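Following: one structure in structure tokens, then a few remarks.
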Amino acid sequence: MLPWLTFESKRAFFLLFASLLVMTSLVLHGETLPLVIASSEGPPHMIDDVHHGIDLDIVEAVLRRLGYEVDYQFMGLKRAGREVEMGHVDVSAPIFMQSDVVGSYISSAIVQYQPMVFSLKKSNLAPASILDMQGHSVVTFLGAPGYFGADFGLLTEGDNYKELTDMSVIPELLVKGRYEFAVLDKYIFYYFYRFNEKNKDVSIFTEHKLIAPVSASAAFHDADLRDAFNRELVEFMLSEEYKQIFERYLGTALFSSEP
């Protein structure tokens, strides 16, 4: 059989044939394989753990409502995007500011990322723009200027500007008064601030909404599945379960400000 194939080629052929037989058997017995969701590690939005973070918990919950089970593969987000486009995985999330292409169909927004400027309420700071932060001490994450525009880039010229690779320490540095402003995604900030105590007081902070939010979506290899997901997502976002996902990672008293 197929005498022109090498031993390794024959072996690969028979492995593929065997996998197709398994998949056919599952379908004939009324079973379906789990959908595979590809993502990366980035708490609290994506977490490689029992619970998978805000973004992935939302995607999983909606798919389960549609009758699907899911598995996960964690990798870089760029690779995840390629994998869904090639059909190696079924879904990737989060996806930002992308449009449909063949093999990758983008859902409605599942959550809003909210880059936020924080200060301590007792400091009575009230910047009306990013430029108003010049002359003040600022702490943020590594690479922030690449996301927040030219005005934000001017802040890097100050002596009291600091970028950190470890975002988990940023809320505490602000609480201790080491910096006057902290710039971080809202949910990342509160996730780390409340990491060990989900009811810690958040009223000590002032949120300055000086940076536009960014919608996060999911990409689907199958357009029909994306369409079904979008329809179910509308109902899910009105449910108590949707609220509970945020509370799982952030505690209470934060969901009400979700746009």
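The values are calculated or read from the model by the stated rules, or taken from the named source; none is laboratory data. Everything numeric here is computed off the predicted structure, so don't read it as measured data. Here Cβ is always computed from backbone atoms with ideal geometry, including for glycine, and neighbour counts include all displayed protein chains. Accessible surface is based on the protein model in full, side chains and every heavy atom, while ligands, DNA and RNA are left aside. Shrake-Rupley method; radii C 1.70, N 1.55, O 1.52, S 1.80 Å.
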Confirm whether ALA223 is within 25 Å of ALA61 (Cα to Cα), of a type in the set (A, V, I, L, M), touching a Pro at 6+ places or on another chain (Cβ under 8 Å) and at pLDDT 95 or above.
-> no
Are any of the residues in segment 197-210 surrounded by 19 or more Cβ atoms within 10 Å (Cβ to Cβ), part of a helix (DSSP H, G or I), modelled with pLDDT of 95 or more and not polar (S, T, N, Q)?
-> no
Residue count for segment 102-128, restricted to those that are open to solvent by less than 60 Å² (accessible area, probe 1.4 Å) and either β-branched (Val, Ile, Thr) or part of a strand (DSSP E or B) (or both) | 13
Filter segment 165-196 for residues that are touching a residue at least 40 places away in the same chain (Cβ under 8 Å), more than 16 Å from HIS136 (Cβ to Cβ) and assigned to a loop (DSSP other than H, G, I, E, B) and give the result.
-> ARG194
From the list SER99, SER92, which one is part of a loop (DSSP other than H, G, I, E, B) and within 25 Å of ALA212 (Cβ to Cβ)?
-> SER99
How about segment 136-164: which of its residues are open to solvent by 80 Å² or more (accessible area, probe 1.4 Å) and not in a helix (DSSP H, G or I)?
-> LEU142, GLU157, ASP159, ASN160, LYS162
Inspect segment 227-250 for any residue being surrounded by 14 or more Cβ atoms within 10 Å (Cβ to Cβ) and over 20 Å from the mean Cα position of the chain (by Cα) and give the result as yes or no.
-> yes
Scan segment 211-222 and give yes if some residue there is among the aliphatic types (A, V, I, L, M) and either more than 20 Å from the chain's Cα centre (by Cα) or within 21 Å of GLU172 (Cα to Cα) (or both), otherwise no.
-> no
